[in-house]
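In what follows, a structure is listed as structure tokens, so that the remarks can point back to it.
Taken together, the values in this text are just the output of simple stated rules run on the coordinates, not laboratory data. Only a predicted model underlies this, so the values are computations on that prediction, with no experimental measurement involved. Virtual Cβ from ideal backbone geometry, glycine too; neighbours counted across all protein chains shown.
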Amino acid sequence: MAGEEVPLFCALLFGAAFKFGASYWIQRTRRKNLRCVGTISGLYIYPVKSCKGIFLDEAECSRRGLQHVSGVRDRHWMVTREDGHFITQRQYPAMALIVPSFHGNMLHLDAPGMDTLKVPIEIALVRSRVLTCKVWTQTIPAIDCGEEASAWFSTYIKVPDLRLVHAHTNLEKRPLDVKKGPKTMRVLPDDEVAFPDFSPYMLMSEASVQSLNAKLDQPVGIRNFRPNLVVTGCQQHEEDRWLVIAVGDNASFSRVKPCHR
């Protein structure tokens, strides 16, 4: 997607959390059974879990989420306590004010009252820096981003001994947690995720947010729901019934579960 809307096609209507995959079955059926249901109107990436997102004009779809041309992937950094358990906006709303940006081979993080934290996008795999982290009930190894990042987050969030960690591509992968999904969820052996709550992608429509705002005294924006893919041109909540979708000619996704957000 580069400055233009991309057609979105849907098959097997019957959603919001999706996994990426170009399986043989999808490729075989898409041309026969898909119908156009809308267009992609927004792409968002959230480099650090629970921090502010970035709107993108274009992105690459990978099995572990959207990837910016700089190499930054969605939710591949995460803040943890000293014991490795992740923290989010749920406990610390100030995390929503941490703003990421790309600058060459560095990821910059800015927050009110703080100097800019600069983190390398490519981090060397040093085994002595590998920590065991936890996302809900799943454990995953990650690379510690160092003392400067630890001090920055601890100072801003006002919680001691916080760590910023990175999901290095050469470390053990985290599979989708089938226990959190419906019994009908189809998971392949190579399905994986970095630090999102459940799946690598979250999709929602503009119409669903407009429908919600019609019932609220104070409207909310679509960014409140932290989607990766935003769709326009469909009816409200229509995306809840999509089982398989394709974006353009190359990207295919299958629905795994609704997002309770």
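Given contacts defined as C-alpha pairs under 8 Å and at least six residues apart, what's the relative contact order of segment 54-125, whole-number percent?
Relative contact order, segment 54-125: 17 percent.
Can you flag which of Lys49/Lys158; Lys118/Lys257; Lys52/Lys179; Lys52/Lys158 are past 27 Å Cα-Cα? Spell out each step's value before the answer.
Working: Lys49/Lys158 18 Å; Lys118/Lys257 35 Å; Lys52/Lys179 29 Å; Lys52/Lys158 18 Å.
Pairs exceeding 27 Å: Lys118/Lys257; Lys52/Lys179.
Helix-only estimate, please: 222 nm mean residue ellipticity of the chain, summing -39500 (n - 2.57) across DSSP H runs of length 4 or more and dividing by its residues, to the nearest 500.
Numbers: 3 runs with 29 residues, N = 261.
About -3000 deg cm²/dmol.
Any idea what diffusion coefficient the chain gets from Stokes-Einstein, in µm²/s, Kirkwood Rh on alpha carbon pairs, 37 °C, 0.692 mPa s? Spell out each step's value before the answer.
Numbers: Rh = 19.1 Å.
Approximately 172 µm²/s, per Stokes-Einstein.
Among the aspartates and glutamates, which have Cα under 12 Å from the Cα of Lys173 when same-chain residues fewer than 8 positions away are ignored?
Answer for Lys173, where 12 Å is the Cα cut-off: Asp190, Asp191, Glu192, listed by chain and number.
Please work out the C-alpha center-to-center distance from segment 79-126 to segment 219-261 and express it in whole Å.
So the two Cα centres are separated by 26 Å.
Let's see if you can work this out: charge +1 on each Lys and Arg Cβ, -1 on each Asp and Glu Cβ, no other charges. What is the dipole magnitude of the chain about its Cα centre, in debye to the nearest 20?
1040 debye
Give me the dipole magnitude in Debye, nearest 20, for segment 128-170 about the Cα centre, with unit charges on the beta carbon: positive for Lys and Arg, negative for Asp and Glu.
Here segment 128-170 has a charge dipole of around 140 debye.
In Å, what Rg and Dmax follow from the Cα atoms of segment 105-207?
Every Cα atom of segment 105-207 included, Rg and Dmax give 16.3, 48 Å.
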